């Protein structure tokens with residue numbers, strides 16, 4: 001007779017314990033299952049009217065940056081990404097910006113303010129962001145010449161690490177872990 005009452009109580013306590021544990025975890029600690037796997041293909045309509053198709057650039061290293069104009073760490077990172085794009089574009093490295101959860105006019109002002117010359121376009125409905133597992137910004141994904149993810153960085157990246165991860169992607173070196181910084185904003 002006691003077991004009939006004890007079993008449901010134990011089950012409820014087990015579920016509550018799991019929930020309590022889950023609430024103590026930082027979602028940024030969830031490792032990306034994408035590292036080492038093939039990057040999902042996407043086509044992006046660019047702000048300048050052109051199109052970017054990831055599949056058309058499989059012979060290059062591609063650094064995919066998810067950003068928004070309202071994101072403070074994205075503003076810190078923008079000049080660094082533009083500088084890296086200028087330094088590496090002649091060496092088989094392409095940067096592409098994917099603007100998420102933003103207003104088009106604000107995004108265009110951001111691009112003009114920072115003089116961004118690498119391809120940038122909006123992600124209506126955040127379809128690309130969902131495919132890439134983005135849960136905040138900025139997030140960078142490094143894709144090697146074979147089309148697989150070599151590294152993911154959550155938050156604003158530093159110059160030395162950006163350079164090292166571009167060079168790793170050029171050599172096809174897949175990182176064991178993703179990187180993260182404190183300069184990060186959850187998506188709205």
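The values are calculated or read from the model by the stated rules, or taken from the named source; none is laboratory data. Keep in mind the model is a prediction, meaning the values are calculated, not measured. Neighbour counts are summed over all protein chains in view; Cβ atoms, including those assigned to glycine, are modelled from backbone coordinates with ideal geometry.
A few comments on the model shown:
- Some residue of segment 132-141 being crowded, with 17+ Cβ neighbours inside 10 Å, modelled with pLDDT of 95 or more and more than 14 Å from the chain's Cα centre (by Cα): no
- With respect to the conditions (1) more than 26 Å from residue 168 (Cβ to Cβ); (2) at pLDDT below 95, residue 59 falls short on a single one, namely (1).
- Segment 147-166, residues that are in contact with a strand residue (DSSP E or B) (Cβ under 8 Å, 6 or more places away or on another chain) and either in a strand (DSSP E or B) or more than 16 Å from residue 96 (Cβ to Cβ) (or both): 148, 149, 150, 151, 152, 153, 154, 155, 161
- From the list 155, 92, the lone residue that is surrounded by fewer than 18 Cβ atoms within 10 Å (Cβ to Cβ) and in contact with a helix residue (DSSP H, G or I) (Cβ under 8 Å, 6 or more places away or on another chain) is 92.
- Taking the criterion of being over 22 Å from residue 53 (Cβ atoms) and free of Cβ contacts under 8 Å to residues at least 40 places away in the same chain, the residues of segment 103-137 that qualify are 103, 105, 106, 112, 113, 114, 115.
- Checking each residue in segment 86-106 for being within 14 Å of residue 45 (Cα to Cα) and either outside any helix (DSSP H, G or I) or in contact with a strand residue (DSSP E or B) (Cβ under 6 Å, 6 or more places away or on another chain) (or both) picks out 96, 97, 98, 99, 100.
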